[in-house]
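Since every read-out is calculated from the coordinates, none of them should be taken as a lab result. Small disclaimer: the values here were computed from a predicted structure and weren't measured. All Cβ positions, even for glycine, are placed from backbone atoms using ideal geometry, and neighbour counts span all protein chains on display.
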Amino acid sequence: MIIAITGTPGTGKTSISKILQKNGFEVIDLNKVACEKIFLIGRDEKRDSMIVDVEKFNEHIKKNYIGKNIVFIEGHLSHLLKNVDKVIVLRCHPAELRKNLSKKGWNAKKIKENLEAELLDIILCEAVEIHPKNNIFEIDTTSKSIDAVASSIIEIINNKFKNMKKYNMGKIDWSEEVFNWF
Ligand SMILES: Nc1ncnc2c1ncn2[C@@H]1O[C@H](COP(=O)(O)OP(=O)(O)OP(=O)(O)O)[C@@H](O)[C@H]1O
Ligand SMILES: [Mg+2]
């Protein structure tokens, strides 16, 4: 089973993946592997980042990981992979996300762009276009420690991805936050 861990940059995907690895799980870092295997289309000069060839990456996981027990693929593009079985979207209240992004040393423009993306549920909307709703889970990481978020992921697995109200997609709504911006 292949599980995508996705979310707006700064929601903690990499930090949480490290805990999952310590717990014995296999985790693939999408951005790292895409660069190593040269699954890239080009460069986004505006965003100062590489553009990943999602189709090529999709083929790569089909060849190498389908049929394995549990493999996580972490990265803010992992929900775009059609070959993943389940998608876990990490969410974070914009005020707290701002703090996480500041720790990355990003400039104000890049931080704002990502806060807007989180506020507008961009990643969730993209995931819903590709995957059945019952394969998508959302975790609100706001005020949760990195360990607690990793435990939530393990809880979802132990529950065999059955419906759990607290992780149902579509319940998280940061739209009220927009009033603080004007
Ligand atoms: N739940 C949390 N509690 C406290 N700090 C957190 C939490 N989640 C993330 N952080 C902090 O936020 C920063 C960004 O986290 P991280 O790099 O794991 O995010 P990411 O989702 O992997 O981002 P990117 O998409 O850019 O790779 C780190 O400094 C991390 O320690
Ligand atoms: Mg990361």
When the residues of the stretch 1-27 are filtered to those that are within 22 Å of LYS63 (Cβ to Cβ) and over 15 Å from the mean Cα position of the chain (by Cα), which remaining residue is surrounded by the fewest Cβ atoms within 10 Å (Cβ to Cβ)? GLU26
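Would you mind finding the one in ILE38, ILE51, ILE19 that is outside any helix (DSSP H, G or I) and touching an Asp or Glu at 6+ places or on another chain (Cβ under 7 Å)? Outline the logic, then answer.
Details: ILE38 fails: touching an Asp or Glu at 6+ places or on another chain (Cβ under 7 Å); ILE19 fails: outside any helix (DSSP H, G or I).
Going through ILE38, ILE51, ILE19 in turn, the sole match is ILE51.
Considering only residues of the stretch 22-35 that are outside any helix (DSSP H, G or I) and farther than 20 Å from ILE136 by Cβ, which is nearest to ligand 2 (Cβ to nearest atom)?
As a first pass, look at the stretch 22-35 and keep what is outside any helix (DSSP H, G or I): 23-29.
Those still in the list that are farther than 20 Å from ILE136 by Cβ too: 23-24, 26, 29.
Details: ASN23: 18, GLY24: 20, GLU26: 17, ASP29: 7 Å.
My answer is ASP29.
Consider the stretch 68-98. How many of its residues are assigned to a loop (DSSP other than H, G, I, E, B) and of a type outside the set (Lys, Arg)?
Quick first cut of the stretch 68-98, residues assigned to a loop (DSSP other than H, G, I, E, B) only: 68-70, 75-77, 81-85, 92-93.
Imposing the further condition that a residue be of a type outside the set (Lys, Arg) reduces the set to 69-70, 75-77, 81, 83-85, 92-93.
So the answer is 11.
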Just to be sure, is ALA95 in contact (Cβ under 8 Å) with a residue 60 or more places away in the chain, surrounded by fewer than 17 Cβ atoms within 10 Å (Cβ to Cβ) and within 16 Å of ligand 1 (Cβ to nearest atom)? yes
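Give me the residue from the stretch 107-154 that is within 9 Å of ligand 1 (Cβ to nearest atom) and touching a residue at least 60 places away in the same chain (Cβ under 8 Å) and, out of that set, farthest from LEU80 (Cα to Cα). Break it down into steps so the answer makes sense when it comes.
At the first step, the residues of the stretch 107-154 found to be within 9 Å of ligand 1 (Cβ to nearest atom) are 114, 141-149.
The next check asks that each one be touching a residue at least 60 places away in the same chain (Cβ under 8 Å); those that pass are 114, 141, 146-147, 149.
Details: ASN114: 18, THR141: 21, ILE146: 24, ASP147: 26, VAL149: 22 Å.
Going through the qualifying residues, I end up with ASP147.
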